[in-house]
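Student: Structure in structure tokens, see below.
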Amino acid sequence: MWLYAAVAAGGFRRHATYRMATVAGMFTNTVFGFILAYTYVALWDERPHLGGYDMSEALTYVWIGQALLATTGLMGSSFEEELIERIKTGDIAVDLYRPADLQLWWLAAVYGRAAFQLLARGVVPMAVGSLAFELALPRNPLTWAAFLLSVALGVLVNFAIGYLVALSAFWLLDGAGVVQVAWLSGLFFSGMLLPLTVFPGTLGEVARALPWSSALQVPADVFLERRTGARLAEAYAFQAGWALVLLAGGRVLQAVATRRVVVQGG
Amino acid sequence: MADGLRAYALIAAMWVRSTMTYRFSFAMTLLSNFVTTGLDFVVILLMFGHVRGLGGFSFAEVAFLYGTTSTSFGLADLLLGQVSRLGRRVRDGTLDTLLVRPAPVLAQVAADRFALRRLGRITQGLVVLVWSLALLDVAWTLPKVLLVPVMVVTGGVLFGSVMVAGAAFQIWAQDGAEVVNAFTYGGNTLLQYPPSVFAGELVRGVVYVVPLAFVNWVPALYVLGRAAPAGLPAWSAFLSPLVAAALCVPAALFWRAGLRAYRSTGS
């Protein structure tokens, strides 16, 4: 247990080292926040209460999205690329020899990173957004805690997806294409581009049932106090359920991969 | 220049051959690239499922904006997109290898891991562009017809200049790659929507500071028979090739200055 705590702390410190990258990320999140916010203003001007949100809730949704983009690793989480690189170069063989569980090791590192990203790239763009637009912040202080738990589960689900994607490199060797597809579908189905509540009919139902909604749509609804009481418990169950299924899938895939693995490199 | 193009062609051809070794894998990534880069257009379709106009622009007009900027961005991304990996080379010192080879560094960096799958984005942009042209109700004149292909090509040059300048910036700010994304991916997203959606300062910024508005806003609004953004005169629609050529100069100078300032990690 201490081992994984140390890995997580290392993940936090590692990302805290790259100050330039952090500032660059804050800047980019803020720019994207403004672009999306203006398109939402145009949309909600025409159709107030679209998707059940009023204007300030829709704008809050945009900035929550920017805050969670790096945190949940929806956008180019470096861990997938690193793991793929280790599989491609054969370094993975060393990792498999270590007296630590491969999946838990990477998960710990991802949580360390997520904590840092939420503090650095979550807080600043949100603060800038709240200066420029009127946002709907939670009325009940407990909502903040509920939101954090939902974000933590979202990070877990997205990690589990990323782990599956990265392991595909055992078969494909070139992971770049798969990573890009996973990344773009993650952006779409998490609700980063448009809230999933705005998606029509069956597409909306399917999108809301897919695991990616755990990374943004669900935490955002918790923040906006759309999910309280029993609905909140249901949200947690949804996220935890997907996390369990996908993490178990990752373990199975890892077992299959390591049984047939031929180490690259030399 | 000829040296650079030759080196670029050789390296790119090598990567294409390497990609083609795994034909099935390539076909799959090309197809999925085509589909997934279109997801942001699906968002526009979903928006128009709820509204009839966005910022006073019809669906066909927004699709036209989307098609032009996406094709331009796709062209720049295919030919120069790999320069965004320069920061990594600076960090791990592998840029040194490129410096000692007898070929221009920019050509080597741009052709490195040349990704033919990016044809997917160009194709997707073109499909939307052609669709929008079929839907648009425009009184076509010869200048307007010529402006469409000119717009797509000059837009690619504009995006390419920003990418090269951004890569040079990474030599100083080794891990600042994300700032560049704000201008490339961010610019592409911005230009997919009409300027009337955005605040005046933002529009003036992309007209007068980072002239990305010349990728499509300025010429496209002329084609659509609307007033140019940020108080530009109507004839400014024909300035985009000049603006693109002019932007290449600071990008090239910035690139040279960046290379001169390069300090190897020494590891």
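The values are calculated or read from the model by the stated rules, or taken from the named source; none is laboratory data. Remember, it's a predicted structure, so these values are computed and weren't measured experimentally. Please note: Cβ atoms are built from the backbone with ideal geometry, for glycine as well, and neighbour counts cover all protein chains shown.
Student: For segment B:1-116, which fully contained helices (runs of 4 or more DSSP H) count at least 2 residues that are closer than 28 Å to B:Ala244 by Cβ and not hydrophobic (A, V, I, L, M, F, W, C)?
Tutor: Per the criteria, B:2-20, B:23-37, B:59-80, B:86-92.
Student: OK, next. Within segment B:19-35, can one find any residue that is under 22 Å from the mean Cα position of the chain (by Cα), crowded, with 21+ Cβ neighbours inside 10 Å and either modelled with pLDDT of 90 or more or not β-branched (Val, Ile, Thr) (or both)?
Tutor: yes
Student: Considering only residues that are among the polar types (S, T, N, Q) and within 16 Å of B:Leu129 (Cβ to Cβ), look in segment B:54-82 and name the one that is nearest to the chain's Cα centre (by Cα).
Tutor: So, considering only residues that are among the polar types (S, T, N, Q) and within 16 Å of B:Leu129 (Cβ to Cβ), the one nearest to the chain's Cα centre (by Cα) is B:Ser72.
For every residue, the table says whether it meets (1) part of a helix (DSSP H, G or I); (2) surrounded by fewer than 22 Cβ atoms within 10 Å (Cβ to Cβ); (3) within 14 Å of chain A (Cβ to nearest Cβ).
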{"position": "B:Val164", "(1), (2), (3)": "yes, no, no"}
{"position": "B:Phe169", "(1), (2), (3)": "yes, yes, yes"}
{"position": "B:Val203", "(1), (2), (3)": "yes, yes, yes"}
{"position": "B:Phe254", "(1), (2), (3)": "yes, yes, no"}
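Student: Same structure, new question: For segment A:39-64, what are the residues that are part of a helix (DSSP H, G or I), within 11 Å of chain B (Cβ to nearest Cβ) and farther than 21 Å from A:Met75 by Cα?
Tutor: Selection gives A:Val41, A:Ala42, A:Leu43, A:Trp44, A:Asp45, A:Glu46, A:Leu50, A:Gly51.
Student: Somewhere in segment A:75-95, is a residue within 11 Å of another protein chain (Cβ to nearest Cβ), of a type in the set (Gly, Ala, Ser) and within 23 Å of B:Leu191 (Cα to Cα)?
Tutor: Within segment A:75-95, one or more residues are within 11 Å of another protein chain (Cβ to nearest Cβ), of a type in the set (Gly, Ala, Ser) and within 23 Å of B:Leu191 (Cα to Cα).
Student: Here's another thing I want to ask about it. Within segment B:216-255, can you find the residues that are farther than 20 Å from B:Val138 by Cα, of a type outside the set (S, T, N, Q) and in contact (Cβ under 8 Å) with a residue 60 or more places away in the chain?
Tutor: Matches in segment B:216-255: B:Pro241, B:Val243, B:Ala244, B:Ala245, B:Leu247, B:Cys248, B:Pro250, B:Ala251, B:Ala252, B:Phe254, B:Trp255.
Student: Give the residues of segment A:192-215 that are within 14 Å of chain B (Cβ to nearest Cβ) and under 11 Å from the mean Cα position of the chain (by Cα), sorted by residue number.
Tutor: Answer for segment A:192-215, where residues must be within 14 Å of chain B (Cβ to nearest Cβ) and under 11 Å from the mean Cα position of the chain (by Cα): A:Met192, A:Trp212.
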